[in-house]
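The values are calculated or read from the model by the stated rules, or taken from the named source; none is laboratory data. Here the structure is a predicted model, which is why all the values come from computation and not from measurement. With ideal geometry, Cβ positions are generated from the backbone for all residues, glycine too; neighbour counts draw on all protein chains shown.
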Ligand SMILES: Nc1nc2c(ncn2[C@@H]2O[C@H](COP(=O)(O)OP(=O)(O)O)[C@@H](O)[C@H]2O)c(=O)[nH]1
Ligand SMILES: [Mg+2]
């Protein structure tokens, strides 16, 4: 583990040609070190100072210092932040001076790691900071902000309290078997209390799994016959000319991919070769891939044109979609009359109209969001996790709870049940970081940016 007794320094902004750079120092020696560079010293108080910075007697820069005194700082240690002029050389020179005077370069995420180790934030808050910084869409951003500030973390604390209550009730029955009828200790009462916790855990898991999919990107295949406008649709969605579009059938022979971030959802789009009977070997291989993409996709955009919706080739594609989440996209819809559109709406579920050539794709975007966004995600009133590690802790909790419930119902000895419940309790502690393995903690914070 990193030595946490040393004072550390790092740039918190990119080192580049820019107006202002921010450098952060944290640790016991922060004030001593900065004062070695100042003629006019600063005192160990929370304050903002305008100062000239010197290397021995040579003027280095004029800077603004913001000082925080332990434990009232982000890291819980003495912190001095230096807003200096933002040249690459200037920023590096000041950091080197600070290192020469007793600090060491911080590792990635080390400020946040210290905040965690000094109990300024729990692990959900720490992960929230990272989620916020790396957010690709509004949903991820909102979850990041909430988790960073700990808005909904109380729910885990409540779960822990309720679980502990059950564990102690069971412990009483083990220690004092004669007091079987102590209130709350009967099997039905324990089962019901455990079920309540289990319901909460399942809800958390469901929301979180939905959210992590939406934030990481849904694998979305654009499929259909040749020349219906699949590549044009990809380009319209990406807002760039990524795939080649021509009126020649069989233009797209291999898959083309791209990512888009909608408000609550990111999509990993895959444009595929148009499906038709062909003797061209390369095109056939592409078509084989298209079918494979249908299988692998989490969402299929099945693109058709009105005149051929129900021909044999499209029927073949329809058949592959029976167990799939798909949207029937009627492209080139600017050529359709209102009556024709209405007829299609009557005939098919999940139909939307687009005109890729006119960038008219809003109906499709709305439909995609509607399919994937549930109120649970947008309501913003409960904890949502979007890290695989965190979600796997909750899965462990769920597994232990369900095993205990089954054991109670099957009439197994109650002390066996308590072993699983203890483990569930431990996993909840690991989730918020009240119990941790140093190596795991090092790994978590390594994902962070330098200076955070
Ligand atoms: N009228 C009309 N033509 C379109 C539309 N979208 C694409 N096209 C045209 O249809 C042809 C085939 O488009 P392309 O995107 O290559 O189709 P793909 O084979 O399904 O990928 C091209 O000439 C496009 O300009 C649309 O919305 N309306
Ligand atoms: Mg194409």
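Quick notes on this structure:
- Among residues of the stretch 142-164 that are within 24 Å of residue 400 (Cβ to Cβ), those with a Cβ under 6 angstrom from a residue that is part of a loop (DSSP other than H, G, I, E, B), sequence gap 6+ or separate chain, pair up as 152/382; 152/383; 155/383.
- For beta carbons closer than 6 Å, sequence separation of 6+ or different chains, a first residue in the stretch 51-66 that is under 18 Å from residue 88 (Cβ atoms) and a second that is modelled with pLDDT of 95 or more and assigned to a loop (DSSP other than H, G, I, E, B), the qualifying pairs are 53/37.
- Enumeration of residues in the stretch 215-240 that are within 21 Å of residue 382 (Cα to Cα) and in contact with a helix residue (DSSP H, G or I) (Cβ under 6 Å, 6 or more places away or on another chain): 215
- Within the stretch 251-275, tally of residues that are within 25 Å of residue 308 (Cα to Cα) and surrounded by fewer than 15 Cβ atoms within 10 Å (Cβ to Cβ): 1
- Restricting attention to the stretch 230-257, the residues being within 8 Å of ligand 2 (Cβ to nearest atom), in contact with a strand residue (DSSP E or B) (Cβ under 7 Å, 6 or more places away or on another chain) and part of a loop (DSSP other than H, G, I, E, B) number 2.
- Some residue of the stretch 173-180 being more than 24 Å from residue 385 (Cα to Cα) and not in a helix (DSSP H, G or I): yes
- Criterion: without any contact (Cβ under 8 Å) to a residue 60 or more places away in the chain, closer than 30 Å to residue 398 by Cα and touching a helix residue (DSSP H, G or I) at 6+ places or on another chain (Cβ under 8 Å) - qualifying residue of 193, 243, 211, 273: 193
- Considering the conditions (1) modelled with pLDDT of 90 or more; (2) within 9 Å of ligand 1 (Cβ to nearest atom); (3) not in a helix (DSSP H, G or I), residue 220 is excluded by exactly one of them, (2).
- One residue alone among 415, 381 is assigned by TED's automatic domain parsing to the domain that holds residue 158, surrounded by fewer than 16 Cβ atoms within 10 Å (Cβ to Cβ) and in contact (Cβ under 8 Å) with a residue 24 or more places away in the chain, and that residue is 415.
- Residues located in the stretch 378-398, provided they are under 15 Å from the mean Cα position of the chain (by Cα) and closer than 17 Å to residue 200 by Cβ: 383, 384, 385, 390, 391
- Listing of strands (runs of 3 or more DSSP E) fully contained in the stretch 275-386 that carry 1 or more residues being farther than 30 Å from residue 212 by Cα and either away from ligand 2 (no atom under 16 Å from the Cβ) or touching a strand residue (DSSP E or B) at 6+ places or on another chain (Cβ under 8 Å) (or both): 299-304
- Just one residue in the set 243, 193, 211 is more than 19 Å from the chain's Cα centre (by Cα) and either more than 8 Å from ligand 1 (Cβ to nearest atom) or surrounded by fewer than 20 Cβ atoms within 10 Å (Cβ to Cβ) (or both); that residue is 193.
- Selection of strands (runs of 3 or more DSSP E) fully inside the stretch 7-118 by the criterion of at least 1 residues being out of contact with any strand residue (DSSP E or B) (no Cβ under 8 Å at 6 or more places or on another chain) and over 30 Å from residue 433 (Cα atoms) returns 47-55, 58-68.
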